[in-house]
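The block underneath contains the structure these notes are about, expressed in structure tokens.
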Amino acid sequence: MQLDLLAIGLTTIDITVYPVASLPDGEAGQIVEKIILSPAGTAGGTAFIAQKLGLRTAIASAVGDDPQGQLIRSVFDAAGVDTSLLAVDAAWPTSTTVLPIRPNGDRPNWHMMGASIFAPVTDAVFAALSRTAAVHWGGVGFPGAAGKGADLLQAARERGIFTSCDLIAPSDAAQADLDALLPHVDLFMPSLAEVRALAGTDDPIEGARRFLARGAGGCLVKMGSEGALLVLADRQIHVPAHLIDPVDTASCGDSLCAGYIAARARGLDPAEALRFGVATAAQVALGVGTLGKLDGYDGTLAFLRETPVREEL
């Protein structure tokens, strides 16, 4: 199958509980409104959301030989995501995150590291480049990639494939990996907090330009309630966030990435794609779990037209 997007890297199962105002004392219990299980992560969440937006997507990662891994695969398969590159690694459990979402939207979490961060970049993943239009790298600093990320992204660029990159958290390993990756990345997609940590500045424009100086073709900064900023070599574009009451923001970053990639695949220009990405993230924030209240590509266009945005600062 020809692909619009190949997502590589972190794939987790998110167990989202809403709302959780406090933990019960002792062995007491609480009744909650929702408990949602869904694929997530910088690769898994992006692929899942992009598929919902109408792209033909594939996930290259790994899960454990456990019920969580079986569940992730079944949900991907039901959604139409290509799982032929989703390996099973019996040596590790499936990466799993439990998210008790507070009534105000805060999202503390418990995370169990697992198979996806140790997934190697195999020959089959390289071969898949022949059938895809875009690659999203979500394995920055992961030991399983063993330096193969730069080789894969370089091979993708040589084929004319659009390349993007996101990370799960800033670290020394991520910083070193980015030095090798960014020269082969068309669009780096960090959060504002990651810009501060990795670029050493509170100014998102200056931070983005520091990533361009390290080789990235452009930088999309995810800014939460302030929307998103796109910095390219010749211009910068800011799109404010929509006026909503967020419920669960856990997958907003991945959804903004997926929305931008989906809009670009449909031929929208960078400014339009950024607006579409912000609208995608807003819909996800309105519900619980990776998809939230996302209503496909046409539904996102309608949401974009009908939902006001915050005033520019």
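The values are calculated or read from the model by the stated rules, or taken from the named source; none is laboratory data. Since this is a predicted model, take the numbers as computed values, not measurements. Note that we place each Cβ from the backbone using ideal geometry, even for glycine, and neighbour counts take in every protein chain shown.
State the number of residues belonging to the stretch 114-131 that are polar (S, T, N, Q) and under 18 Å from the mean Cα position of the chain (by Cα).
So the answer is 1.
Checking the conditions here, which among ARG310, ARG305 is modelled with pLDDT of 95 or more and either within 17 Å of PHE188 (Cβ to Cβ) or of a type in the set (Lys, Arg) (or both)?
Within the list ARG310, ARG305, the selection yields ARG305.
From the set of residues in the stretch 176-207 that are assigned to a helix (DSSP H, G or I) and free of Cβ contacts under 8 Å to residues at least 24 places away in the same chain, which is nearest to SER251 (Cα to Cα)?
Ranking the candidates gives ALA193 first.
Of the residues VAL121, VAL75, which single one is in contact with a Lys or Arg (Cβ under 6 Å, 6 or more places away or on another chain) and either within 30 Å of ARG266 (Cα to Cα) or not in a strand (DSSP E or B) (or both)?
VAL121
Which of the residues that make up the stretch 284-299 are crowded, with 24+ Cβ neighbours inside 10 Å and closer than 15 Å to ALA263 by Cα?
Across the stretch 284-299, the qualifying residue is only LEU294.
Determine, yes or no, whether LEU268 is in a loop (DSSP other than H, G, I, E, B), on the phi < 0 side of the Ramachandran plot, surrounded by fewer than 18 Cβ atoms within 10 Å (Cβ to Cβ) and in contact with a helix residue (DSSP H, G or I) (Cβ under 9 Å, 6 or more places away or on another chain).
yes
I'd like to verify a number: residues in the stretch 86-107 that are under 17 Å from ALA285 (Cβ atoms) and in a loop (DSSP other than H, G, I, E, B), how many?
Total meeting the criteria: 7.
So which residues in the stretch 83-105 are over 14 Å from LEU10 (Cβ atoms) and surrounded by 22 or more Cβ atoms within 10 Å (Cβ to Cβ)?
LEU99, ILE101
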